[in-house]
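Trainee: Before I ask anything, here is the structure I am working with.
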Amino acid sequence: MTVAEHAPEGTTQKAVHTRALIIGTGFSGLGMAIALQKQGVDFLILEKAGDVGGTWRDNSYPGCACDVPSHLYSFSFEPKATWSKLFSPQPEIWDYLKGVAEKYGLRRYIRFDSFVDRAHWDDAEYRWHVFTTDGQEYVAQFLISGAGALHIPLIPDIEGKDEFRGASFHSAQWDHDVDLTGKRVAVIGTGASAIQIVPSIVKDVDELQLYQRTPPWVVPRPNKPFPEAVKNAFAYVPGLRLAVRSGIYWFLEGLGYAMTRRPALLRGVELVGKLNIRRSVKDKELRRRLTPTYTAGCKRILYSPNYYQGVANPKCQLITDRITRITSDGIVTDDGVEHKVDVIVYATGFHVTDSYTYVDIKGAGGEDLVDRWNREGVVAHRGVAVADMPNLFFLLGPNTGLGHTSVVFMIEAQVRYVAIAIAEVDRYDAQALAPSRSAQDRENAELQAELGHTVWNTGGCRSWYLDEHGVNRALWSGMTWEYWRDMRKLKPSEYQFFGVGQPAAVGSPR
Ligand SMILES: Cc1cc2nc3c(=O)[nH]c(=O)nc-3n(C[C@H](O)[C@H](O)[C@H](O)COP(=O)(O)OP(=O)(O)OC[C@H]3O[C@@H](n4cnc5c(N)ncnc54)[C@H](O)[C@@H]3O)c2cc1C
């Protein structure tokens, strides 16, 4: 592809040149920006929304909180002593990310309200030409996507849903103008968001209909506010925060071991989940309907101090019949019953395995990434780089999500790897690098073989971790320390280098 072919018709603004372009301002984008800042690499960040924060800006539903303890679910280089609870609420995590952006002076590099919809590699220039929906063009040597995988709300295509006359919204687009007090509210879905929403709203509503397709495994979690003395100890006792962080990390790695190597060990979690149901729900039939029939961990294990109490509340009705239709004022299930309702909350998750289709990416020789991934499945080398896509990197890319611990740990490993890749391009006096097809195929064959033994593939459930062919394209196959270890170095033998000894294109920083 050549330069002239990139420019969309009607584009009048001048292209903006930078060395590295980052997409997104969640943990990934901010973490990457800080690493590039340290390395002295010139960069800009494009963010489709009006503020930083990603997941923690968008999800403001009642009860929203992390389900990995905050002392681990945060940057290792930005510890915080004053987390209010073990599992902090959303406003606190969002504040934390805003604070990180302030501390490192990142806002001046961010172009807000800039939705990237096209990125084309120029073989002659060795540069990415990136376009936002407002027609602005950016030219960069490196393109790093921190676009995340859980930001495009998935609302199922239920017949009649547009005819509904009451308020309806997705959990990630909570409409705070809608007062739920005294209303009949339907919550569709029983995943990670729903189990936080249900106990938070049940006391206010007149009636709560909870539509469940598959029950989750839910285990209790302590979440009392940390006393001031404990926060002070985190702040002033040397090594305490790190010890707590490490303790949480290794405890969760134990869970990761069971999920990836010994699914039979997860029976212990099932026992705790069943006891949790038993202590909160008196009704035997309701208990049966709430008890999963697949191995714990096959879908994300959820933590809640009060989900089952919420479901057992007389105002809550658990509905397990399949939804067939939505009418102007209700939801019809396949037993023919129309359930009248004032508000519908879709707690139905996100476009995950197809989230890559939202940006048109063309690499070397015009290779279309979306077409390739549609054809061959979503595959990257070490979850970060892709053959024939020079200088393109994904943070939390294919097969680097987690089912049990903090993804920030993975993001930090990837950020360091990308920074090394950029340094390697310079060391080789090259313009670009991309993994070789053979290295990528080899690594992914091993990864898929390992995934074959994990609970996600063998646990008897159908989760969003699997694509439409039943292949796990979402999760890392092993222990997270193994990933961290493998990402400490970039093996040049796994990569092809382009433009060695060639000068940078005119107008491009380098
Ligand atoms: C409710 C909820 C709770 C969660 N709890 C946990 C937890 O406890 N532990 C855990 O490990 N994980 C959790 N996760 C997963 C969570 O998404 C990740 O932990 C993490 O926040 C991902 O960060 P990110 O920066 O990669 O992506 P995001 O936070 O999704 O940020 C991506 C950013 O990119 C922007 N963007 C996307 N596409 C474009 C585009 N085309 N152009 C411009 N900008 C774009 C988005 O607006 C967004 O700001 C949770 C997710 C949800 C939804």
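Trainee: Can you find a residue that is out of contact with any Lys or Arg (no Cβ under 8 Å at 6 or more places or on another chain), over 30 Å from Pro216 (Cα atoms) and at pLDDT 95 or above anywhere in segment 468-485?
Mentor: So far as segment 468-485 goes, yes, one or more of its residues are out of contact with any Lys or Arg (no Cβ under 8 Å at 6 or more places or on another chain), over 30 Å from Pro216 (Cα atoms) and at pLDDT 95 or above.
Trainee: Being within 12 Å of the ligand (Cβ to nearest atom) and either aliphatic (A, V, I, L, M) or at pLDDT 95 or above (or both) is the filter here, so list the residues in segment 137-162 that pass it.
Mentor: Passing the criteria: Tyr138, Leu143, Ile144, Ser145, Gly146, Ala147, Ala149, Leu150, Ile152, Leu154.
Trainee: Take Ala101 and decide whether it is more than 14 Å from the ligand (Cβ to nearest atom), farther than 30 Å from Gly366 by Cα and not basic (Lys, Arg).
Mentor: No, not satisfied.
Trainee: Moving on. Can you work out which of the residues in segment 110-132 that are assigned to a loop (DSSP other than H, G, I, E, B) and away from the ligand (no atom under 14 Å from the Cβ) is farthest from Val52 (Cα to Cα)?
Mentor: Among them, the one singled out is Ala124.
Trainee: So if I check each of Gly148, Gly135, which one is crowded, with 16+ Cβ neighbours inside 10 Å and either assigned to a strand (DSSP E or B) or out of contact with any Phe, Trp or Tyr (no Cβ under 7 Å at 6 or more places or on another chain) (or both)?
Mentor: Criteria check complete, one pass: Gly148.
Trainee: Which condition from (1) more than 12 Å from the ligand (Cβ to nearest atom); (2) part of a loop (DSSP other than H, G, I, E, B); (3) surrounded by fewer than 22 Cβ atoms within 10 Å (Cβ to Cβ) is the one that Trp83 breaks?
Mentor: Failing condition for Trp83: (3).
Trainee: State the number of residues belonging to segment 339-353 that are more than 16 Å from the ligand (Cβ to nearest atom) and open to solvent by less than 10 Å² (accessible area, probe 1.4 Å).
Mentor: So the count comes out to 3.
Trainee: Ile361 - would you say it is closer than 30 Å to Glu125 by Cα and open to solvent by less than 20 Å² (accessible area, probe 1.4 Å)?
Mentor: For Ile361, the condition - closer than 30 Å to Glu125 by Cα and open to solvent by less than 20 Å² (accessible area, probe 1.4 Å) - is met.
Trainee: Among (1) open to solvent by 20 Å² or more (accessible area, probe 1.4 Å); (2) more than 10 Å from the ligand (Cβ to nearest atom), which single condition is Leu106 missing?
Mentor: Exception for Leu106: condition (1).
Trainee: Does Asp329 satisfy the criteria of being out of contact with any Phe, Trp or Tyr (no Cβ under 9 Å at 6 or more places or on another chain) and farther than 30 Å from Leu252 by Cβ?
Mentor: Here the answer is no, as Asp329 does not meet what is asked.
Trainee: Is there any pair linking a residue in segment 38-53 that is assigned to a strand (DSSP E or B) to one that is open to solvent by 50 Å² or more (accessible area, probe 1.4 Å) and hydroxyl-bearing (Ser, Thr, Tyr), with Cβ under 9 Å and at least six apart or on different chains, and which?
Mentor: Phe43/Tyr109; Leu44/Tyr109; Ile45/Tyr109
Trainee: Would it be correct to say that Arg165 is among the basic types (Lys, Arg), open to solvent by less than 20 Å² (accessible area, probe 1.4 Å) and more than 12 Å from the ligand (Cβ to nearest atom)?
Mentor: no
Trainee: Taking segment 302-338 only, how many residues are in a loop (DSSP other than H, G, I, E, B) and open to solvent by 10 Å² or more (accessible area, probe 1.4 Å)?
Mentor: 15
Trainee: Return the total of residues in segment 29-64 being under 16 Å from the mean Cα position of the chain (by Cα), more than 6 Å from the ligand (Cβ to nearest atom) and open to solvent by less than 10 Å² (accessible area, probe 1.4 Å).
Mentor: Qualifying residue count, segment 29-64: 5.
Trainee: Quick check, is Gly239 in contact with a Ser or Thr (Cβ under 9 Å, 6 or more places away or on another chain) and of a type in the set (Gly, Ala, Ser)?
Mentor: Criteria not met by Gly239.
Trainee: If the requirement is being among the hydrophobic types (A, V, I, L, M, F, W, C), open to solvent by 10 Å² or more (accessible area, probe 1.4 Å) and not in a loop (DSSP other than H, G, I, E, B), which of these qualifies: Ala445, Ala434, Ala421?
Mentor: Going through Ala445, Ala434, Ala421 in turn, just one is among the hydrophobic types (A, V, I, L, M, F, W, C), open to solvent by 10 Å² or more (accessible area, probe 1.4 Å) and not in a loop (DSSP other than H, G, I, E, B): Ala445.
Trainee: Tell me, yes or no, whether segment 168-187 has at least one residue that is within 16 Å of Tyr308 (Cα to Cα) and modelled with pLDDT of 95 or more.
Mentor: yes
Trainee: Being part of a loop (DSSP other than H, G, I, E, B), within 11 Å of the ligand (Cβ to nearest atom) and touching a strand residue (DSSP E or B) at 6+ places or on another chain (Cβ under 7 Å) is the filter; apply it to segment 357-407 and report the residue that is modelled with the lowest pLDDT.
Mentor: In this case the residue turns out to be Gly403.
The values are calculated or read from the model by the stated rules, or taken from the named source; none is laboratory data. Note that the structure is a prediction, hence the values are computed from the model and not measured. With ideal geometry, Cβ positions are generated from the backbone for all residues, glycine too; neighbour counts draw on all protein chains shown. For the accessible areas, the whole protein counts, side chains as well, though only heavy atoms, and no ligand, DNA or RNA atoms are used. Shrake-Rupley method; radii C 1.70, N 1.55, O 1.52, S 1.80 Å.
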